[in-house]
Amino acid sequence: MSEERQSDHSVVNSHNEWDPLEEVIVGTIEGALIPPWDVILEATLHKEELWDSHKEHGGAPWPKELLDAAQEDLDEFVHILEGEGVTVRRPTPYDFSKPFSTPDFSICSSCYALMPRDVLLVVGDQIIEAPMGLRSRYHENHAYKDLCKEYFQLGARWVSAPRPQLGEKSYVDGFVAPGEGEPMRTILTEFEPLFDAADVIRCGRDLFVAQSSCCNRFGIEWLQRHLGSGYRVHEIEVIDTHPMHIDATFYPLAPGKLLINRERVPHVPAMFEESGWDILICPEPLMPESHPMYNCSRWISMNVLMLDEERVIVSKGEDTLIQAFKDWGFKPIPCSFYSFETIGGGFHCATLDVRRRGNLASYF
Ligand code: DAV
């Protein structure tokens, strides 16, 4: 008998980032391509010197040595998850290299199925396909259709946010990313609702979202109205020159414990202090500045995965963070991940927690 049928909960059941993890989708390296160049990348990728690779080689496979190294990290991660008793599911890769077009845009390829966190948002027993703003990720949900259909057959709810058009009106014409110290701005207009699922972080009845170059206010409004009055969607203010997703910025790790990136979060909403939460400041990452990062920044160190309120998977090499977790009362489990982070993201990005053992609650 499969584990979900023994559980008291629905096959899809995940309300926050920390209830005991039972089943998780982990992305795959198989078929991964360099994302083709597209307007959003200029607004989200911190390392300008690495843009050329996407400009010149977008749509081509990543070099084999990068893929092999990332694969090794991912294998270690899956091994740890299974060893900790978590059921690991994988997407079904499709042919990412096919060019496609819609009435509003054409693009030379898709990218990969490395990061389910960006594509699907799980809120309770519901899977929401996100209205993503990067054109090359328009069909990435295909990689998860087999799983979504299976979860639906077993009782989950499954919806797609309005499919975006992603024509010229969705992006600010002539956008230039702000420099350090300049006010925040993002490349998205308010033409249509847009967000990646990783722009949202869950805390029971309260969800936290920040505008980014993948998430506009229209998207935040759509999510609030879709979820209805049982949930409160809070927009938090962040400062980031290349904003993309909330999970290397603002991360409620466990009841009463909020991890923040001090460089990016000027004000923690008063509700946290009013409810007695500890605000944990993420230490400076130890990843060398010279480490190639084609997608995200060194702050991906914060992108941990909670197996429950104590066990936390952290990138091996981030010794300061590992020690901080111990001091804060967590049980860190280090896993090599720098090579996966080079082409993808962290543990939170690489996963989608489909089922955690717990109920919907308010923590404020
Ligand atoms: O570079 O800090 C990471 C996004 C992870 N989902 C960054 C963004």
Under 15 Å from a point 7 Å along the Cα-to-Cβ line of Glu274: which residues of segment 179-207 have their amide N that close?
206-207
Could you name the lysines in cross-link range of Lys55, using Cα to Cα under 17 Å and dropping any fewer than eight places away on the same chain?
Lys47
Full extension from Phe364 to Glu310: what is 0.36 nm times the residue separation minus their Cα-Cα distance, to one decimal in nm?
17.4 nm
Could you run the Karplus curve 6.51 cos²θ - 1.76 cosθ + 1.60 with θ = phi - 60° over segment 151-164 and give me ³J(HN,Hα) per residue in whole Hz, x for Gly and Pro?
5, 4, 4, 8, x, 6, 8, 8, 9, 10, 5, x, 5, x
Taking the highest mean first, how do the peptides 267-278, 162-173 order by number of other beta carbon atoms within 10 angstrom per residue?
162-173, 267-278
Mean ellipticity per residue at 222 nm, deg cm²/dmol - from DSSP H runs of n ≥ 4 across the chain, formula -39500 (n - 2.57)
-6000 deg cm²/dmol
Could you work out what % of the accessible surface of the chain is carbon and sulfur, using a 1.4 angstrom probe and leaving DNA, RNA and ligands out of the count?
50
In nm, give the distance between the simple-model label positions of Glu48 and Arg357, each being 7 Å from the Cα along the Cα-to-Cβ direction.
5.1
Surface per residue (accessible, 1.4 Å probe) for the chain, Å²:
39
Reachable lysines from Lys316, criterion Cα separation under 17 angstrom, eight or more residues apart if same chain
Lys326, Lys331
How high is the relative contact order of segment 1-133? Use alpha-carbon pairs under 8 Å, at least six apart in sequence, and give a whole percent.
38
Based on the alpha carbon coordinates of the chain, what radius of gyration and maximum Cα-Cα distance (Dmax) apply, in Å?
18.9, 56
Classified through the alpha carbon gyration tensor (a ≥ b ≥ c as square roots of its eigenvalues; rounded if a/c is under 1.5, else prolate when a/b is larger than b/c, else oblate), segment 272-364 comes out prolate
Interchain or sequence-distant (5+) residues whose placed amide H lies within less than 5 Å of the amide H of Glu23 are Thr87, Val354, Arg355
By its C-alpha gyration tensor, with a ≥ b ≥ c as the square roots of the eigenvalues, how is segment 141-202 shaped: rounded for a/c under 1.5, else prolate for a/b larger than b/c, else oblate?
prolate
Given axes a ≥ b ≥ c from the Cα gyration tensor, I'd like to know whether segment 87-136 is rounded (a/c under 1.5), prolate (a/b larger than b/c) or oblate.
oblate
Any chance you could check the Cα centroid distance between segment 235-310 and segment 49-109 for me, in angstrom?
24
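The values are calculated or read from the model by the stated rules, or taken from the named source; none is laboratory data. All values reported here derive from a predicted model rather than from experimental measurement. Please note: Cβ atoms are built from the backbone with ideal geometry, for glycine as well, and neighbour counts cover all protein chains shown. Heavy atoms of the whole protein, side chains included, go into the accessibility calculation; ligands, DNA and RNA do not. Shrake-Rupley method; radii C 1.70, N 1.55, O 1.52, S 1.80 Å.
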